[in-house]
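Participant: Structure in structure tokens, see below.
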Amino acid sequence: MVANEIENRFVDIDPIYELKEWLFGRIGDEDDVVVDQIQEEFASEWEKIEANASHPYEGSDLWKENQHHLSNGTKTMKEKEARFTSESKITTDGIRKCRYGGTVDSNGLPFGEGQILFDNKDSFVGRFNHSILDREGKMLRAEESCLYTEGTWKNGLMEGEMTIHTHGGGFVEGYFHNGVPHGFQREFGINEKLLLGKKSLVFFGRFYRGIRRGFCWKGLFGGGFLVGNVDEETGEFSGPDLAYIYPDFKRVLRGSFKDGVLVSGRMCELNGCDVNKGIHMPTFSHFYGQEYTFDNPTIKMIGLNPLIRDPYEEDNVFVKESLLPQGGEGLFAKKDIQERSVFCLYNGIRIKTSTSASSKLPHSDYRIRLNADIDLDIPHDFITLDKYCATVGHKINHSFTPNSEWTLFEHPRFGIIRGIRAQRKINQSEEILINYHMNLCDSPEWYRVLWIQHQRKKNNSSDAAIARIMDRYYENTGKKIPLPENEELIVPDPVGVQNIDELDDEDLKEIEGSEEAEAKSVTDVKKLFHVKSNSKKDEDRFEEIHDFNNI
């Protein structure tokens, strides 16, 4: 047997490969019909298990409300359903008042193509089956977080396979019964095609009468997953044995979680998977190492354990003297890092910068945008590794020809932070560089010196071409780029945020950023990728604006 055949044979029986192929190759492929297949094959078995449980789950509040509706309102309405005439087409879908427009049958009931308009401007377009309650088509939402819902309504309630399209290109695909999720379901988040090449898998699991049940997968920003048996009553990711799988699908932080937040856990490794009635469930090695808890960073405290390294990041990077002129300390690859992988983390204190009180904070070289309202920053007393090294992303240096880029990262210990992702393969011992994307008009002089040097050396721009770029910048932003006094590179020592303790309690309360942006909320997800429009005297060190290099 040749070597390649041996390798292929090993791959065929590698349980981790099998797990990843199932999760990314099937569940994570939005075009795969795997949810339909699992529902068809295993839904009836799970129904029997739920029905025969020692304490059967009664259902969510919405399930109970819908049951009452089916027994009373819908039954009464079907007995007295309006027959439409050309003069009167106002009715109800069993739940809300609406106006119908479309064809009717010989009895004056909706049949065939038609549409409904509700008082709140929601609308439905599709086909009707001898009733306003029984229809198939699209429900367009005017005010809710979804764009439209597509599927079948029976007795005025969602029934069977449904697709709910959300803002940003995301969607929920799964099965409903009597108006609530009931059966297998998967959800894709905002369209991150510019970031990851495909939509992000947010959830896969099973629902029963409106809540998640059993073993579920929750996809997080940055490529990690929170997995385990959800709480039997609430359906939340709460319990004594859940696991966060790091993006490398090797390291795992396993332990107790409450509503998706780490309570306490220890490290282990992913070593295989089991399959139970359609759901692949990872298996893990024995625990090792110390205990970890949620660090709960606030405006005054960067974390409970500032000197305990994140083991995943520690595997990937190390800090030493930078190879750049006047670069100070820099970040280097401990091993080969593959393109598009997230390998380093940037944590910090939370500052609500969309407040007037935030303008009282002094300038910091470590401030980085988290979302439209919150920045991360490193207190000046914690910029050295002997004071803070839980994450070391703040040691990364700037370049206009970077090998990495910013992304978002959901971490069980730090919450939502920034991650650093490889733009290309980064070789072992190579220095890791990123574009700070500073606002040129408010950037420090050393940054503008490097920018001019970059235009000349890398883009072969003449002084006249650089002047045109600056003019275009002014036309687009209304701000002028001040020319440096000379082109000698002088990089001062960086400073972190200082004098927080000198702010009064009212100001501290206003800029406290402990409430992180929730990725599960569509509104907040949009914020995570939205750039603030308000300007500040001292612009953040990192700002997600368009670079004008190629103008």
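Please treat every number below as a calculation from the coordinates, not as lab data. Note that the structure is a prediction, hence the values are computed from the model and not measured. When we count neighbours, we look across all protein chains shown, and the Cβ atoms used for this are built from the backbone with ideal geometry, even at glycine.
Participant: Please compute the modelled spin-label separation between Thr477 and Thr234, points set 7 Å along Cα→Cβ, answer in nm with one decimal.
Facilitator: 4.5 nm
Participant: Now, a different point. Run the quick spin-label model on Lys300 and Gln338: label points 7 Å from Cα toward the beta carbon, then report their separation in nm to one decimal.
Facilitator: For Lys300 paired with Gln338, the spin-label model returns 4.5 nm.
Participant: Enumerate the residues in region 288-302 having an amide nitrogen under 20 Å from the point lying 7 Å beyond the Cα of Arg266 toward its Cβ.
Facilitator: 288-295
Participant: Any of Lys387/Lys457; Lys320/Lys360; Lys250/Lys320; Lys48/Lys121; Lys360/Lys425 with alpha carbons more than 31 Å apart? Name them for me.
Facilitator: Details: Lys387/Lys457 38 Å; Lys320/Lys360 34 Å; Lys250/Lys320 26 Å; Lys48/Lys121 41 Å; Lys360/Lys425 41 Å.
From Lys387/Lys457; Lys320/Lys360; Lys250/Lys320; Lys48/Lys121; Lys360/Lys425, over 31 Å: Lys387/Lys457; Lys320/Lys360; Lys48/Lys121; Lys360/Lys425.
Participant: Ranked by Cβ crowding within 10 angstrom, fewest neighbours first, how are Asp336, Asp442 ordered?
Facilitator: Ordered from fewest to most neighbouring Cβ atoms within 10 Å, Asp336, Asp442 come out as Asp336, Asp442.
Participant: For a label point 7 angstrom out from the Cα of Gln453 toward its Cβ, which stretches of region 484-511 have the backbone nitrogen within less than 11 Å?
Facilitator: What the label zone holds, given the 11 Å backbone N cut-off, is 487-491.
Participant: Something else: So what's the projected area for region 238-338, the Cα convex hull averaged over all directions, in nm²?
Facilitator: That works out to 9.5 nm², a quarter of the Cα hull's surface.
Participant: Which number comes out as Rg/Rh for region 311-528 once both Rg and the Kirkwood Rh are worked out on C-alpha atoms? Walk me through the numbers on the way to the answer.
Facilitator: Numbers: Rg = 18.4 Å, Rh = 18.9 Å.
We get a ratio of 0.97 for region 311-528.
Participant: I need the shape label for region 168-268. Rule: rounded when a/c is under 1.5, else prolate if a/b > b/c, else oblate, with a, b, c from the alpha carbon gyration tensor. Mind dumping the intermediate values first?
Facilitator: Numbers: a/c = 2.58, a/b = 1.08, b/c = 2.38.
It is oblate, given that a/c is not under 1.5 and a/b is not larger than b/c.
Participant: Counting other beta carbons within 10 Å of each Cβ, put Asp32, Asp493 in order, fewest first. Intermediate results must be reported in sequence, preceding the final value.
Facilitator: Working: Asp32 13, Asp493 8.
Arranged by neighbour count, lowest to highest, Asp32, Asp493 become Asp493, Asp32.
Participant: Which number comes out as Rg/Rh for region 277-426 once both Rg and the Kirkwood Rh are worked out on C-alpha atoms? Mind showing how you got there, number by number?
Facilitator: On the way: Rg = 16.7 Å, Rh = 16.8 Å.
Rg/Rh: 0.99.
Participant: Give me the Å³ per residue figure for the convex hull around the C-alpha atoms of region 304-348. Write out the running numbers ahead of the final one.
Facilitator: On the way: hull volume 4.9 nm³, N = 45.
It is 109 Å³ per residue.
Participant: When a footprinting reagent is the concern and you count Cβ atoms within 10 Å, what order do Met267, Met139, Met301 take, fewest first? Don't skip to the answer; put the middle values down first.
Facilitator: Details: Met267 20, Met139 23, Met301 14.
Arranged by neighbour count, lowest to highest, Met267, Met139, Met301 become Met301, Met267, Met139.
Participant: Pop a pseudo-label 7 angstrom from the Cα along the beta-carbon direction at both Ser462 and Ser429 and give the gap in nm to one decimal.
Facilitator: 4.4 nm
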